[in-house]
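Written out below as structure tokens is the structure these notes cover.
The values are calculated or read from the model by the stated rules, or taken from the named source; none is laboratory data. Remember, predicted model here, so these are calculated numbers, not experimental data. FYI the Cβ positions are ideal-geometry reconstructions off the backbone, even for glycines, and counts take in every protein chain you see.
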Amino acid sequence: MSIEQANCIRRFMRICEDGYKKGWHEANGGNLSYRMDAEDIAVCKPYLSVKTPWISIGVSAPGIGGEVFVVTGAGKYMRKVGIDLSDNVGIVEINSAGDAYRVIWGFEDAGRPTSEFESHLLIHEVCSELSGDADRVVYHAHTPYLAALTTAFQVDSRVLSRVLWKSNTECIIAAPEGVGLLEFTQPGSIELAQKTAELMKDFRAVVWEGHGVVACSETFDDTFGLIDTLEKAATIYAITRAMRGGDEAANLLSDDQLRVICEGYGLEPNEDFLS
Ligand code: 2HA
Ligand code: ZN
């Protein structure tokens, strides 16, 4: 066996490939992290060894102290994860205070975790606590239509959520709480990490204005599926307005129809976002 055959690594690699094929990962755009469980760590253990001293993270996330993450590398291409895993991906252990990491696999040639590592860790901290330890995947993608919505229009979380919900029935099923919107914030900054983690207390996906989207959920499929569904709704909205010569769509789902969908699926929509 090689580490590439471990279940969690196979699934990790698959998301990188799927996201690249979707057109969400130009150059080094986007990043992915996975909080390993005890079984994942046991399976990968023969391949793990301490490769670096503790390295300061720049934020403190004690809620995930001692956890072990698979994470894409800074400046690395999602497109190349499947071609050369150990160059583009690493496994890191977090210290008990949650403010430093050390590499225990991968990141060959002095690589390091993604430039959005602080965001990933603060999001993992919030979501693992809110989900009772269930949420394990944080995925950031440069989804063109979600990003375009924030450059074409001035939106906030409520406006954006409504546009997406009303464009396609699947959106409110995937995200009944809606979607968070974070105004322009410097990519790779601690400010971006802190503001996103704050929004993640209310939403499982946050759109970064003029940039892309980040989401957290339990499995690779859930997390990828959530972003895919949001991006599909944004695409449908854009197509719809283009069909109308730029005018607002004539037949968006109504608030009543959104309530009917939620009743049918036993979901509680964010009532602040309905009228
Ligand atoms: O990995 O996507 O947000 C590069 C980025 C920065
Ligand atoms: Zn990005």
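Candidates Leu181, Leu226: the one that is over 26 Å from Ile9 (Cα atoms) and not acidic (Asp, Glu) is Leu181.
Filtered by the rule that a residue be assigned to a helix (DSSP H, G or I) and within 25 Å of the chain's Cα centre (by Cα), the stretch 262-275 gives Cys262, Tyr265, Glu271, Asp272, Phe273. The residues listed here are Glu108, Glu183, Glu170; of these, the one that is acidic (Asp, Glu) and either within 16 Å of ligand 2 (Cβ to nearest atom) or within 18 Å of the chain's Cα centre (by Cα) (or both) is Glu183. Checking each residue in the stretch 100-109 for being buried (at least 19 other Cβ atoms within 10 Å of the Cβ) and small (Gly, Ala, Ser) picks out only Gly106. Among the residues of the stretch 194-224, the ones that are within 13 Å of ligand 2 (Cβ to nearest atom), touching a residue at least 60 places away in the same chain (Cβ under 8 Å) and surrounded by fewer than 20 Cβ atoms within 10 Å (Cβ to Cβ) come to 1 in all. Among the criteria (1) surrounded by fewer than 22 Cβ atoms within 10 Å (Cβ to Cβ); (2) within 16 Å of ligand 2 (Cβ to nearest atom); (3) of a type outside the set (Asp, Glu), the one Ile227 does not fulfil is (1). Of the residues making up the stretch 107-143, those that are small (Gly, Ala, Ser) and within 16 Å of ligand 1 (Cβ to nearest atom) are Gly111, Ser115, Ser119, Ala141.
A residue that is modelled with pLDDT of 95 or more and assigned to a loop (DSSP other than H, G, I, E, B) occurs somewhere in the stretch 217-238. Residues of the stretch 91-110 that are in contact (Cβ under 8 Å) with a residue 24 or more places away in the chain and among the hydrophobic types (A, V, I, L, M, F, W, C): Ile91, Val92, Ile94, Ala97, Ala100, Val103, Ile104, Trp105, Phe107.
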